[in-house]
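S.K.: What follows is a structure written as structure tokens; I'll ask about it next.
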Amino acid sequence: MKLLIQGAKLIDPIENSARQGDLLVEDGVIRAVGDCLQAENALTLDANGYTLAPGLVDAHVHLRDPGQTRKEDFESGCAAAAAGGFTSIAAMPNTSPVMDQAALLAETLSRANRQGRPHVLQVAAVTKGLLGQELTDFQALSASGAIAFSDDGRPVLTAPMMEQALRLAAALGKPLLSHAEELSLPGIDPASESVAVARDICLAEQTGCPVHFCHISTAASVRLIRDAKRAGIPVTAETAPHYFTLTRECLGTPPDPNAKMNPPLRGEADRKAVREALADGTIDLIATDHAPHAPEEKAQPFDKAPNGVIGLETSLALGLTELVRGGVLTLPELLCKMSAAPARLLGLPCGKLSAGSPADLVLFDEERRWTVRPEALRSRSRNTPFAGRELCGAVLLTLVGGTVAWCSEELKSNSPALRALCGV
Ligand SMILES: [Zn+2]
């Protein structure tokens with residue numbers, strides 16, 4: 001199959017460039033990128049007015065499969081990811097059972113990865129059962145396909161265990177993803193995050209082994225990470241769209257359980273610091289921390305409702321609306337933080353818009369306005385804090401290895417090439 005995408009605005013996050021051009025997909029890879037490309041027997045898609053970029057990579061999702069599939073499963077989670085423009089997603093290990101055994105991890109990966117879906121990567125647990133008592137078998141988990149290690153949902157409880165985990169992960173060339181939280185402080189206290197960030201920065205400095213910080217939400221954490229980077233300590237960091245968009249003032253009265261997550265929404269100074277950290281490179285990437293919960297769980301009062309919000313279908317539009325239109329990042333910078341940077345963290349070959357790279361691509365309309373309606377989302381859960389919000393930027397087409405993982409009805413009805421590709 002050959003698909004020639006013509007006249008799109010091409011975003012190359014590695015080159016940090018945006019320009020008009022064509023792109024040819026053949027046999028699952030990007031065959032050529034250039035001007036006025038010709039290809040015999042190719043299906044052609046007129047993409048004038050649309051933007052084409054490497055498929056998005058999410059380094060932090062919770063797919064709830066196995067064990068909690070009334071919240072989400074691989075099918076619904078991948079449908080949501082594809083509709084959001086994602087072509088690779090890394091699933092956290094706090095499933096039931098926990099991803100702490102090599103055989104379970106290998107079986108889960110093969111069940112998750114079906115033709116026409118985004119690539120599902122699996123993060124393995126640092127400690128057995130996420131209990132913080134005993135390290136998992138890093139080597140066996142890595143050999144079975146673990147992409148990274150994390151006890152996400154909980155911190156690695158003690159400094160000696162974290163130090164050992166950093167060394168084991170570094171020896172295997174796999175990232176260690178730190179859910180930085182000091183459990184002896186209440187989560188609402190910003191220091192519960194920054195105290196734990198400080199600990200792991202010290203351990204990274206002492207061992208020389210890299211640490212990656214998940215869902216950074218406070219000004220103090222940003223300052224620590226910025227200083228660590230200046231000192232040459234091997235740290236990277238992510239934040240999530242809710243932290244650069246919302247503050248605790250957005251919770252409402254009574255507070256909305258659909259805006260309850262861990263770490264919690266912070267103050268305006270924190271939101272501002274997170275934006276500045278995205279702009280100056282202190283925060284390397286954006287991840288969704290997509291965390292589905294069933295409607296009846298989120299219908300409980302705020303104090304009882306579980307932590308977590310969904311994000312796969314709103315994150316690109318939030319980035320475009322809040323960061324690009326908000327003057328925080330350029331379009332290539334945003335796409336770097338949502339594709340090339342997470343791909344680099346996870347050691348993936350995607351995130352590039354150059355000949356020879358996998359044809360993992362997203363086509364979107366930057367200008368298209370739409371309103372978030374939870375009932376229209378593909379995720380099995382509805383717990384978004386952005387219900388009713390008008391956003392700018394809509395995904396039209398997601399290709400994974402040249403195969404259609406998602407196509408908007410509008411593009412399908414306007415394009416014979418897409419109808420042919422979708423088999424309708
Ligand atoms: Zn976490």
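The values are calculated or read from the model by the stated rules, or taken from the named source; none is laboratory data. All of these numbers come straight from a predicted model, not from anything done at the bench. Cβ coordinates were reconstructed from backbone atoms using ideal geometry, including for glycine residues, and neighbour counts include every protein chain displayed.
S.K.: Going by the structure shown, is ASP46 of a type in the set (Asp, Glu) and closer than 19 Å to ALA287 by Cα?
M.R.: No, not satisfied.
S.K.: For GLU181, indicate whether it is touching a residue at least 12 places away in the same chain (Cβ under 8 Å) and either within 18 Å of LEU345 (Cα to Cα) or part of a helix (DSSP H, G or I) (or both).
M.R.: Details: touching a residue at least 12 places away in the same chain (Cβ under 8 Å): yes; either within 18 Å of LEU345 (Cα to Cα) or part of a helix (DSSP H, G or I) (or both): no.
Taking the combined requirement at face value, the residue does not satisfy it.
S.K.: Taking region 215-250 on its own, how many of its residues are free of Cβ contacts under 8 Å to residues at least 24 places away in the same chain, assigned to a helix (DSSP H, G or I) and more than 23 Å from the chain's Cα centre (by Cα)?
M.R.: Qualifying residue count, region 215-250: 3.
S.K.: Could I ask something else about it? With the checklist (1) in contact (Cβ under 8 Å) with a residue 24 or more places away in the chain; (2) over 30 Å from PRO306 (Cβ atoms); (3) of a type in the set (Lys, Arg) in hand, flag the one item ARG19 doesn't pass.
M.R.: Result: ARG19 passes all but (1).
S.K.: Considering each of VAL404, VAL424 in turn, give the residue that is more than 30 Å from ARG64 (Cβ to Cβ), outside any helix (DSSP H, G or I) and aliphatic (A, V, I, L, M).
M.R.: Being more than 30 Å from ARG64 (Cβ to Cβ), outside any helix (DSSP H, G or I) and aliphatic (A, V, I, L, M) holds for just one of VAL404, VAL424, which is VAL424.
S.K.: Here are the criteria: (1) modelled with pLDDT of 95 or more; (2) within 14 Å of the ligand (Cβ to nearest atom); (3) part of a loop (DSSP other than H, G, I, E, B). Tell me which single one LYS174 does not satisfy.
M.R.: All conditions are met except number (2).
S.K.: Might you check whether a residue that is closer than 25 Å to ARG378 by Cα, among the β-branched types (Val, Ile, Thr), within 16 Å of the ligand (Cβ to nearest atom) and not in a helix (DSSP H, G or I) occurs anywhere in region 348-364?
M.R.: Checking region 348-364: not a single residue is closer than 25 Å to ARG378 by Cα, among the β-branched types (Val, Ile, Thr), within 16 Å of the ligand (Cβ to nearest atom) and not in a helix (DSSP H, G or I).
S.K.: Next question. Considering region 276-304 alone, what residues qualify as being more than 16 Å from the ligand (Cβ to nearest atom) and part of a loop (DSSP other than H, G, I, E, B)?
M.R.: Once the filter is applied, which keeps residues that are more than 16 Å from the ligand (Cβ to nearest atom) and part of a loop (DSSP other than H, G, I, E, B), region 276-304 yields GLY281, THR282, ASP284, ALA294, ALA299, GLN300, PRO301, PHE302, ASP303, LYS304.
S.K.: So if I check each of ASN258, ASN307, which one is polar (S, T, N, Q), within 16 Å of the ligand (Cβ to nearest atom) and closer than 29 Å to ASP65 by Cα? Spell out how you get there, then give the answer.
M.R.: Working: ASN258 fails: within 16 Å of the ligand (Cβ to nearest atom).
ASN307 is the lone residue from the list that is polar (S, T, N, Q), within 16 Å of the ligand (Cβ to nearest atom) and closer than 29 Å to ASP65 by Cα.
S.K.: If you don't mind, another one. Output the number of residues of region 374-402 satisfying the condition of being surrounded by fewer than 17 Cβ atoms within 10 Å (Cβ to Cβ) and under 24 Å from VAL29 (Cα atoms).
M.R.: Of the residues in that region, 0 qualify.
S.K.: Now a separate question. May I ask you to list the residues in region 65-93 that are surrounded by 24 or more Cβ atoms within 10 Å (Cβ to Cβ) and among the acidic types (Asp, Glu)?
M.R.: GLU72
S.K.: Restricting the search to region 41-62, which residues are assigned to a strand (DSSP E or B), more than 16 Å from the ligand (Cβ to nearest atom) and either on the phi > 0 side of the Ramachandran plot or of a type in the set (Asp, Glu) (or both)?
M.R.: If we filter region 41-62 for residues that are assigned to a strand (DSSP E or B), which is where we start, we get 43-46, 51-54, 56-61.
Imposing the further condition that a residue be more than 16 Å from the ligand (Cβ to nearest atom) reduces the set to 43-46, 51-54, 56-57.
Listed by number, the list holds a single entry, ASP46.
S.K.: I need the full set of residues from region 122-166 which are buried (at least 24 other Cβ atoms within 10 Å of the Cβ), within 16 Å of the ligand (Cβ to nearest atom) and among the small types (Gly, Ala, Ser), in order please.
M.R.: ALA124, ALA125, ALA148, SER150, ALA165
S.K.: Hey, among ILE233, ILE286, which residue is modelled with pLDDT of 95 or more, touching a helix residue (DSSP H, G or I) at 6+ places or on another chain (Cβ under 8 Å), surrounded by fewer than 23 Cβ atoms within 10 Å (Cβ to Cβ) and in the same structural domain as SER315 (by TED's automatic domain parsing)?
M.R.: Unique residue meeting the criteria: ILE233.
S.K.: Mind counting the residues in region 193-214 that are in a helix (DSSP H, G or I) and either surrounded by fewer than 18 Cβ atoms within 10 Å (Cβ to Cβ) or small (Gly, Ala, Ser) (or both)?
M.R.: 8
S.K.: Of the conditions (1) closer than 27 Å to ARG70 by Cα; (2) more than 16 Å from the ligand (Cβ to nearest atom); (3) crowded, with 17+ Cβ neighbours inside 10 Å; (4) of a type in the set (Ser, Thr, Tyr), SER110 satisfies every one except a single condition; which number is it?
M.R.: (3)
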